Amino acid sequence: MSTNTPSELTIQLNLIEHAIKHHQYISIYTFLQQNSHWQDKNTLDLVGLAHAIVKGNLSAIEKLAPLTGYQFLTQPSYIEQRSYNFWHYLTIQLSRQEYADYLRALTPLLVDIYRIIIQRHLLPNLNHYIEPTTKVKEDGEALYRGLQWSQTAIEAKQNMVHRTFQHYYGDRFNYSHYISSSHLLKIIEFNSKDDLLIEKAHDMRNIEKYLRNIVAHEIIYVDDDWIQARVGRSPASIHQLLKDLYHMAGLNDENQWQSLATLDDLLTQRFNERYIELTKD
C-alpha cells in the first residue's frame, strides 16, 4: 500500500501518462522499481516489451511477447520483425523532429526493405546469394562484420543477381563491398515490371543519397526547411513514401503497425486502474 497522499498519487499518474505519451519507457521502468505500489510483474513486462519494440531488441520481444499476450509480434520472419520494429522507432524520431537520427537510420532499413521486396516480387531465394562476413580479432574470436554478396553463388551459373551486376558493373563488381541499398535498387530497376515500385524505390534511394549521406558524415543542423530545400519533400512526405514501400514489401499486418499504440493504451488503462485502487479509502 502506498504512503503517498492522493494529490501526490495524482502527480505521479500524470508523470506516468506523460512518459507513456512520449515513449519514455526506461523512465517508467525506473519509476516502477522505485515506487513498488504502482507495479506488478505484468505491468513491468508490458513496459519492457514496449521498450524492446522501440529499440528493436528481438530477443527481449521473443521472451516477453508470450508473457503479455503479444505472441503475434514474433510471427513474421526475423527481417520482417526488424523492419516493423524500426518503423516505430522512426515514427518516434519523426514526432520529436530528430531528423538527423531519422535520416541516419534509413540506410540499414532500406537494405532490409529492398531485400524483402526482391524476395516477394522477384527472387524468393535471394538469401542464397548473400553471406555473412566475419573478421578474426587478435584474441582469435570471429567478429561479425555484416552481409556481403556471395561471389561463388552469383558466378556459379546465370541468375538474376549475376545478370544485373553484369549489366551495371561488367566484370568489375567489388565483392568485398557490403550489401547496399544501391545494389538492391539495381536489381529492382533492372528486373521489375512494376513502374510504381521502381519509382518509389528510386525516390527513396535519392532521399538516402541527398539527405542521409551528408548527415552521416558531417555535423549539420537538420530542420524541415533544409530537407525541403534538398529533396523537395517534407519529413512527413518522406515517412509516407517509406510506408508505401513497406506495403509494397507486403508488410501489411495491422497488428504490427498498431502494436506500440495498443501497448501504450493498455499501459495507460492499467495505471489508471491502479490509481483508483491506490486512492480508495
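The values are calculated or read from the model by the stated rules, or taken from the named source; none is laboratory data. None of the values given here were measured: they were computed from a predicted structure. Here the Cβ is made from the backbone with ideal geometry for all residues, glycine too, and neighbour counts use every protein chain on show. Ligands, DNA and RNA are stripped out before the accessible areas are found, and what is left, the full protein with its side chains, is counted by its heavy atoms. Shrake-Rupley method; radii C 1.70, N 1.55, O 1.52, S 1.80 Å.
Quick one: Karplus J couplings for segment 144-156, per residue in order, coefficients 6.51, -1.76, 1.60, θ = phi - 60°, nearest Hz, x for Gly and Pro?
Once rounded to whole Hz, the list reads 5, 10, x, 10, 10, 6, 8, 4, 4, 5, 5, 9, 5.
Provide the packing ranking of 112-123, 238-249, 130-141, i.e. peptides ordered by the mean count of other C-beta atoms within 10 Å per residue, highest first.
112-123, 238-249, 130-141
I'd like the orientation of helix 106-121 relative to the chain: the angle between its Cα long axis and the longest Cα principal axis, in ° from 0 to 90, rounded to 10.
Its long axis makes an angle of about 70 degrees.
Taking 45 Å as R0, compute the FRET efficiency from the Cβ-Cβ separation of GLU98 and ALA156 and round it to 0.05.
It comes to 0.50.
Which order do the peptides 13-19, 224-230, 84-90 come out in when sorted by mean C-beta neighbours inside 10 angstrom, highest first?
On the way: 13-19: 16.3, 224-230: 13.4, 84-90: 20.7.
Top of the packing list down: 84-90, 13-19, 224-230.
Which distance in nm do the two modelled labels at VAL231 and ASP194 give, with both placed 7 Å along the Cα-to-Cβ direction?
About 2.0 nm, to one decimal.
Would you grab the residues whose amide H sits under 5 Å from the one on ILE130? Only those 5+ places off in sequence or on another chain, please, with H modelled 1.01 Å from N.
The list, which skips near neighbours in sequence, is SER150.
How large is the dipole of the chain about the Cα centre if only Lys and Arg carry +1 and Asp and Glu carry -1, each at its Cβ, rounded to the nearest 20 debye?
Numbers: 27 positive and 33 negative charges, 155 e Å.
That gives a dipole near 740 debye.
Which order, highest average first, do 102-109, 170-177 follow once you tally other Cβ atoms within 10 Å for each residue and take the mean per peptide?
Result, highest mean first: 102-109, 170-177.
For segment 109-241, rounded, prolate or oblate, judged on the Cα gyration tensor with a ≥ b ≥ c (square roots of eigenvalues), a/c < 1.5 rounded, else prolate if a/b > b/c?
Verdict is oblate for segment 109-241.
Looking at the square roots a ≥ b ≥ c of the eigenvalues of the Cα gyration tensor of segment 1-155, which shape do they give, rounded for a/c under 1.5, prolate if a/b is larger than b/c, or oblate?
prolate
Given H placed 1.01 Å from N in the peptide plane, which residues other than close sequence neighbours of GLY146 have an amide H under 5 Å from its amide H?
Result for GLY146 returns THR133.
Cα extents of segment 90-149 along the three principal axes, largest first, in whole Å?
Principal axes ranked by extent give 43, 37, 12 Å for the Cα atoms.
Label segment 218-275 by shape, choosing from rounded, prolate and oblate, from the square roots a ≥ b ≥ c of the eigenvalues of the Cα gyration tensor; if a/c is under 1.5 it is rounded, and otherwise prolate applies when a/b is larger than b/c, oblate when it is not. List each step's numbers first, then the result.
Working: a/c = 4.04, a/b = 1.68, b/c = 2.41.
The shape class here is oblate.
Carbon and sulfur together cover what percent of the accessible area of segment 1-57 at a 1.4 Å probe radius?
Carbon-and-sulfur percentage of accessible area, whole number: 54.
Could you report the chain's accessible area per residue, 1.4 Å probe, as an integer in Å²?
On a per-residue basis, 53 Å².
Taking the Cβ of ASN14 as the center, what net charge do the other residues with Cβ under 15 Å away carry, scoring Lys and Arg +1 and Asp and Glu -1? Walk me through the numbers before you get to the answer.
Working: positive: LYS21, ARG274; negative: GLU8, GLU17.
Net local charge, ASN14 excluded: 0.
Work out, step by step, the length gained on full extension between GLU254 and ASP171: first 0.36 nm times the residue separation, then minus their alpha carbon distance; give nm to one decimal.
So the extension gain works out to 25.5 nm.
Rounded to the nearest 10 degrees, what's the angle between the helix 235-248 long axis and the longest principal axis of the chain, both from Cα atoms, 0 to 90?
70 degrees
For the chain, with a Gaussian network of springs between Cα atoms less than 10 Å apart, report the residue from GLY250, GLY56, GLY232 with the top mean-square fluctuation.
Answer for the Gaussian network model of the chain: GLY232.
Which lysines have a Cα less than 22 Å from the Cα of LYS200, not counting those fewer than 8 places away in the same chain?
Leaving aside lysines fewer than 8 places away in the same chain, those within reach of LYS200 are LYS186, LYS209, LYS243.
What are the extents of the Cα atoms of the chain along their three principal axes, in Å, largest first?
Principal extents (largest minus smallest coordinate, Cα): 79, 46, 40 Å.
Cα centroids of segment 162-218 and segment 92-132: how far apart, whole angstrom?
With segment 162-218 and segment 92-132 each reduced to a Cα centre, they are spaced 12 Å.
Measure nothing fancy, just the Cα-based angle from helix 58-68's long axis to the longest principal axis of the chain, in degrees from 0 to 90, nearest 10.
Compared with the principal axis, the helix lies near 40 degrees.
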